[in-house]
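See below for the structure under consideration.
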Amino acid sequence: MARTIAPPELWGVGQFRVGAGSVTWELSQAEIMRDAQSATGVLSAIGLAPGGRVLVTSLLSEAPHVWPLTLGVLMNGAQLSSADATPFDAYRTAMFLRTLRYDMALGVSDAVVDGLEQMGVDLATAFADVAVIVARGVAYDRLESAGLRPTRMLLLGPATAIARAPGGPAEVDPELWALDTVDGQVVVTSLTERRQAFARQPTGVAGTVDGSRVILARGSS
Amino acid sequence: MSDQNSAREISRESDLGDDRFFDPDIETASRSALAALHEEKLLELVPYAYERSPFYRKHWSEAGVHPRDILTVDDFRERIPFMDKDAIRAFRDAHGDPYGGLLCIPESELTAINSTSGTTGDPTLVPERWAAGGSGPALARDFWELGVRPGDHVAIPMFTFRGPIYNFPHVLGAVPLIFDHSPAELPRICELVRRYRPTSWYTMSGPFLLALAELEQSTDVDLRDVFSSFSSIVFAGEPLGVRAKANAERWGMPLFHHSAAGDVGAAFECREHDGLHVWEDVGFYECIEPDATGPGDATPVADGAVGELVATSLGSDVFPLIRYRSDDLDRFTRQRCACGRTHARLWTLGRKGDEVIVDGRSVLPVDVWGAVEALDETAAGLFQIIRTQRQVDVLRLRVGYAGAPSDLGALAGLIADSVEAGVGVRPQVELVANAELLKLGPPHKIPRVAKR
Ligand SMILES: [Zn+2]
């Protein structure tokens, strides 16, 4: 018989970025599950339905943000594919988009768009049949310039903010996070029990807040 | 710190008992028990795949084989035709089936659709239906042997494209430290390793070792201290060159080799360092004459000899590979290992598709490696064999150099001398900067052959 060992209380140690730096981040299994429940609701609200299919582009170091979203995809009864959010691995993103039907692309970043453009892939054509394109950073603006209607996503320090509709401001789950600003920068406070509690944690994101919504400063992404 | 460091001092004596195995029943099963398991699973798999997979129905019918003909493992070996990645791609393109005709369950039942690495060409889809536990159990056996125990941390600099493999330490009660497999992450990795003192690392690569050497030169980081807590550092993919090996030894890295096993499972070294174990309840592995054209002339090589690995998945009812020619040249044995495990072991030599024959002499990247690394300017071991076809008149190499050598012509001559002395064939050498070659690959390796 194989050994059966209880999983550790600690899910993992990752990081979140603040500007050019990063903060080490310990997460418990319990908070990952709570974040996954929240992600399930958000993904459903922006149009993911049972039988859907999602292409997730991320870096492994983003797993603390992305694993709850991944579980959210599965809890919505949808399928998922994964590609690295690097210029090199954009060939994989291009292959998936060419080969299979996707209802959602989740986490499209500058690196992915860079890689696709280096390959000579036309963004409007590649994403034409993807109903919901959740994009972050300058990738959002580049997809919009290509005539697409992306949905804004922000990795906001330890929080994840996703707009509820294309063109709208990114939002955090108000049950999980409170937002404020300090010197023009968004800060986040955790509202639920976490291994690492956050009180007015700087995010490096310039903007103002409107409840749980982030209004990005001009020129900020 | 002392209790953390003691984790790596697992004494061999204390490990040779039951504590050495994560799943003792299967890991030390007798060969006859494994043979019985193979018979049961293969005879179940053949009709299952024939009924559900258009690829196998077509492929086997063309070979004149029907499941009713397959009543024993010998029938399986003698009748079931081989297949390979090109056959899957050809079916995919001819029939517009993204799964190459191999999917055996309704598409709607899939959890995830991931893909092969694709570094050798276009990636192919890997459809999956996740069960509770995922890929954890098989990996857990390997990492238990490599010293991971409940409460440990495991450093995981990896990729996302094969799915959430990084969660596997949970099965062992251990906690993953999650990083990108990018040399840019190394300063942060070193910092967190010193804070959490992980006992295992999955995975280390050639470019990472190169970047560590550069980090050591440009900062005051003490890499012996960084690697002091590890009982295992799993090195994937390419052969480890002499310089990289010397550095790893100097830093006190307990390196263990790891490789894919025919896209069906994984192979890991155990602490005996005597070959890489495959799990034979996960895959049915054969090692055949590399020139074989079909089951008719596919003589199994003698135990311990070199051949091409052929793999059949025993654990997949979703997307089973059956008699899949891996293109991997391995030495292969079913002799019991000194660790007590009874499952087969292999030693990877290279890819059949990377081999060139120069003047009747076989040359693989592994043969050239040491000769390239022996010179200071090319110590990084970054090179490609230019392989326009398998049989070539001249061995052509593209070799990467560091810095700005004053006389490239002279350097090319020295490399040619070194390769000629080591391989017995004098190459033509084209020199390019290391950075140019590194651009060609993902962060963990570069293609070792190029068409031009
Ligand atoms: Zn062994």
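The values are calculated or read from the model by the stated rules, or taken from the named source; none is laboratory data. Quick caveat, the model's predicted, so the values are computed rather than measured. A quick note on method: Cβ atoms are made from the backbone with ideal geometry, for glycine too, and the neighbour counts reach across all protein chains shown. Surface accessibility is based on the protein's heavy atoms, side chains included, excluding ligands, DNA and RNA. Shrake-Rupley method; radii C 1.70, N 1.55, O 1.52, S 1.80 Å.
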- Query: Got at least one residue in segment A:47-56 being in a strand (DSSP E or B) and within 8 Å of chain B (Cβ to nearest Cβ)?
  - Reply: yes
- If we take segment B:19-99, then helices (runs of 4 or more DSSP H) inside it with 1 or more residues that are within 14 Å of chain A (Cβ to nearest Cβ) and surrounded by fewer than 16 Cβ atoms within 10 Å (Cβ to Cβ) are B:24-27, B:85-95
- Message: List pairs: first residue in segment B:336-362 and at positive phi, second residue more than 9 Å from the ligand (Cβ to nearest atom) and among the small types (Gly, Ala, Ser) anywhere in the structure, Cβ distance under 6 angstrom, at least six positions apart or on different chains.
- Response: none
- Among (1) within 7 Å of chain B (Cβ to nearest Cβ); (2) open to solvent by 20 Å² or more (accessible area, probe 1.4 Å); (3) in contact (Cβ under 8 Å) with a residue 60 or more places away in the chain, which single condition is A:Leu10 missing? (2)
- Item | Residues satisfying the stated conditions in segment B:339-379, i.e. among the charged types (D, E, K, R) and either away from the ligand (no atom under 16 Å from the Cβ) or surrounded by fewer than 18 Cβ atoms within 10 Å (Cβ to Cβ) (or both) | B:Arg351, B:Lys352, B:Asp354, B:Glu355, B:Asp359, B:Arg361, B:Asp367, B:Glu373, B:Asp376, B:Glu377
- With respect to B:Gly315, is the statement that it is in contact with a Ser or Thr (Cβ under 6 Å, 6 or more places away or on another chain) and either over 25 Å from B:Ala244 (Cα atoms) or at pLDDT below 90 (or both) true? no
- Note on the structure: Of (1) of a type outside the set (Lys, Arg); (2) away from chain B (no Cβ under 14 Å); (3) under 27 Å from B:Ser182 (Cα atoms), A:Val132 fails just (3)
- Of residues in segment A:95-113 being more than 7 Å from chain B (Cβ to nearest Cβ) and open to solvent by 20 Å² or more (accessible area, probe 1.4 Å), the one nearest to A:Ala45 (Cα to Cα): A:Asp103
- Query: Is it the case that B:Ser406 is more than 30 Å from B:Gly307 (Cβ to Cβ) and surrounded by fewer than 16 Cβ atoms within 10 Å (Cβ to Cβ)?
  - Reply: yes
- Query: Which residue out of B:Leu314, B:Leu321 is more than 16 Å from the ligand (Cβ to nearest atom), surrounded by 21 or more Cβ atoms within 10 Å (Cβ to Cβ), over 16 Å from the mean Cα position of the chain (by Cα) and farther than 29 Å from B:Arg390 by Cα?
  - Reply: B:Leu314
- Working only within segment B:293-304, note down all residues that are in contact (Cβ under 8 Å) with a residue 60 or more places away in the chain and assigned to a loop (DSSP other than H, G, I, E, B). B:Gly294, B:Ala298
- Could you tell me whether B:Asp3 is modelled with pLDDT under 95 and within 14 Å of chain A (Cβ to nearest Cβ)? no
- Message: Going residue by residue through segment B:145-163, is there one that turns out to be within 16 Å of the ligand (Cβ to nearest atom), part of a helix (DSSP H, G or I) and either facing chain A (nearest Cβ under 10 Å) or open to solvent by 20 Å² or more (accessible area, probe 1.4 Å) (or both)?
- Response: no
- Taking segment B:88-108 as the region of interest, how many residues are within 20 Å of B:Leu45 (Cβ to Cβ), without any contact (Cβ under 8 Å) to a residue 40 or more places away in the chain and not aliphatic (A, V, I, L, M)? 2
- Residues that are facing chain B (nearest Cβ under 7 Å), aliphatic (A, V, I, L, M) and open to solvent by 10 Å² or more (accessible area, probe 1.4 Å), drawn from segment A:70-94: A:Leu74
- Listed residues B:Arg331, B:Arg336; which is within 16 Å of the ligand (Cβ to nearest atom), away from chain A (no Cβ under 14 Å), open to solvent by 10 Å² or more (accessible area, probe 1.4 Å) and in contact with a strand residue (DSSP E or B) (Cβ under 8 Å, 6 or more places away or on another chain)? B:Arg331
